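Working notes, beginning with the structure itself.
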Amino acid sequence: MELNSFVLSAISLLTVAALAVALFKHLGLGSILGLLVAGIVVGPHSPGPSVTAHVEDVRNFTELGVVMLLFLIGLEMKPRRLWSLRREVFGMGSVQILVSGLLVAGYMSLYDYSWRAALLMGLTLALSSTALVMQLLHERGDLATRHGTAAFAVLLMQDLAVVPLLAIVPILSDVGTLSSDVPFWQQILVVAGMVALVFGFGRYLVPFALKSLLRQHNREAFTLVVLLAVFLAAGAMHEAGLSMALGGFMMGMLLSTSRFSFQIQAQIEPFKGLLMSLFFVAVGMSIDLEAIAAQPLLLAQHVAVILAIKLVVLLLIGMAFGLPRGTATRVAFMLAQSGEFGFVLFGSAKALGVIDDSTFVIAVSVISVSMLLTPLLVRIGDVSARRLEHRAAAPTPFEYPTVPAGQAGQVGRVVIAGYGRVGHTVATLLEANNIPFIAFDTNPAHVERGEQDGRAVYFGDIGDVELLEAAQIDKAALVILTIDHGPTALRAVSHIRTAYPKVPVIARARDLEACGSLIRAGATLAYPEAIESSLRLGAEALQMLGISTNEVDSLLQGVRSAGYAQVVE
């Protein structure tokens with residue numbers, strides 16, 4: 001039964017999705033499986049009421065979320081990020097994808113799949129779940145360990161592999177934009193032309209437009225121009241017969257070196273999150289429970305064989321690349337599952353006719369079951385690794401540069417909010433003492449000054465919650481607020497204290513009243529600029545009149561510790 005009212009359908013969908021995500025995240029299984037289950041519940045294949053029978057149309061629309069996702073991946077993919085892990089990423093990661101993919105493809109070909117379908121299934125099922133594994137590593141505190149580093153490197157290569165995999169789906173299809181009747185040289189020219197168009201558009205025109213809008217403080221138009229750029233790039237790649245997501249990725253790479261990459265990420269993240277959530281719900285709607293129940297033994301066999309292939313391959317490759325047996329075992333069991341990108345790839349392949357409905361059902365079922373088994377697999381890997389290790393191995397500290405180029409990229413950096421007169425002075429002092437920092441400012445002139453200074457200064461509103469997450473405030477050793485706009489400073493302090501209670505915040509304030517407001521909002525320390533300037537002036541006067549430096553310092557300390565009560569009315 002299909003619900004007729006749009007509002008009623010939306011309420012039903014949001015209710016089921018919210019409950020499912022809350023439950024699955026509480027169980028440690030991640031939000032993706034929750035969204036899939038929500039899609040099954042409200043989909044046309046469930047016994048209850050469904051929100052729509054036009055699942056294909058919903059999925060086609062929500063594929064824009066995949067474009068946004070690849071755009072954000074491109075926005076974060078810097079050469080420096082890859083270079084620090086080049087051996088693990090391009091070596092171990094590439095070999096794992098190819099060997100696992102070909103073996104799984106060979107296994108799938110035993111079931112009379114076409115070579116196109118078998119190859120796509122093999123390479124796709126060779127990928128692991130970045131979201132699930134990274135969440136497990138974070139919760140266990142294993143990100144800095146040897147196996148955490150290795151797992152992260154392989155996942156990074158798998159994320160990079162999604163782009164060419166998405167690009168080859170239309171090529172494997174018989175219904176792609178470019179038909180086989182078009183001469184090959186003409187296809188190459190079309191692709192080259194579209195790539196050149198996207199490059200010129202993203203490298204020159206879009207940054208110029210964004211910079212002009214920022215000077216006008218027009219944030220609404222800024223967001224719209226970014227969205228337009230992403231979708232134009234996606235459309236260009238689609239016209240070239242390639243994946244729309246590839247266009248999004250290219251645009252992200254082109255904008256990744258700009259000084260407003262953080263702000264772009266902060267403003268695009270909500271759109272991506274919403275569309276990707278709807279995409280996974282749409283995928284869940286496509287899962288036919290009756291079809292799964294009709295062949296449960298075949299599904300169990302596929303899951304067991306694919307897990308076994310990936311476990312053996314990951315274990316052998318890990319040891320071949322110098323990982324101890326215990327570490328390689330942990331990595332193998334942690335990455336044995338198939339990943340959420342499979343839903344994206346199989347959804348696209350189904351839409352283009354590379355795989356049929358029954359194959360799609362089996363493929364997404366294998367992914368779902370393997371992800372469900374991941375917590376158990378990780379526990380088995382821990383037990384097996386402990387038995388293999390003769391002694392506890394000290395974890396190898398690892399710092400991964402997850403921030404844009406030009407930044408120190410080290411855990412424990414200082415975040416400066418505002419690169420005006422005060423922020424510039426603070427940055428100079430930090431730089432002189434070799435302390436890594438990153439600065440944000442909403443004034444394009446200040447950002448350009450930071451660029452001229454060769455410092456990591458980016459456009460961004462520190463009062464934006466999404467920007468705080470993009471800037472990884474949780475890893476900051478200190479946040480220094482030098483902005484002179486009271487409401488923005490208060491909003492930033494409130495957000496930081498709520499989301500990151502352990503991060504210390506010191507702030508500049510105009511006067512004692514503003515200082516008190518910042519302290520009440522959660523600032524660790526706040527300094528009233530006018531009073532501090534007066535104290536500094538008075539201290540210099542006392543020293544010139546013969547008062548010793550120790551006495552002056554003692555006087556200043558007493559005034560500050562008393563809350564400036566001695567110098568205010």
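We did not get these values from a lab; they are worked out from the coordinates using the rules stated. Small disclaimer: the values here were computed from a predicted structure and weren't measured. When we count neighbours, we look across all protein chains shown, and the Cβ atoms used for this are built from the backbone with ideal geometry, even at glycine.
Quick notes
- Hull volume per residue, based on the alpha-carbon atoms of the stretch 457-525 and their convex hull, is 78 Å³.
- Measuring between alpha carbons in the structure, the pairs from Lys310/Lys350; Lys272/Lys502; Lys25/Lys502; Lys272/Lys350; Lys25/Lys475 lying more than 26 angstrom apart are Lys272/Lys502.
- As computed over the stretch 202-320, the Cα convex hull volume per residue (Å³): 179 Å³
- Shown for the stretch 54-388 is the translational diffusion coefficient from the Stokes-Einstein equation, using the Kirkwood radius over Cα pairs, a temperature of 10 °C and a viscosity of 1.306 mPa s: 76 µm²/s.
- Average projection area in nm² (convex hull over Cα atoms of the stretch 284-343, one quarter of hull surface): 4.9 nm²
- Distance between the modelled labels on Leu205 and Glu431, one decimal in nanometres: 3.5 nm (7 Å Cα→Cβ projection).
- Between Glu290 and Ala221, the distance separating the two model label sites (each 7 Å from Cα on the Cα→Cβ line) works out to 5.5 nm.
- Efficiency of FRET between Gln452 and Ala308 - r from beta-carbon atoms, R0 60 angstrom, step 0.05: 0.60
- Residues whose amide H falls under 5 Å from that of Ala507, counting only those 5 or more places apart or on a different chain, are Leu481, Leu525, Ala526, Tyr527, with hydrogens built in the peptide plane.
- Taking 0.36 nm per residue of sequence separation and removing the Cα-Cα distance, the Ile547/Glu513 pair yields an extension gain of 9.2 nm.
- Mean Cβ count within 10 Å, highest first, over the residues of peptides 497-506, 219-228, 515-524: 515-524, 219-228, 497-506
- Per-bin percent of Cα-Cα distances, the stretch 419-465 [10 Å]: 29, 57, 14, 0
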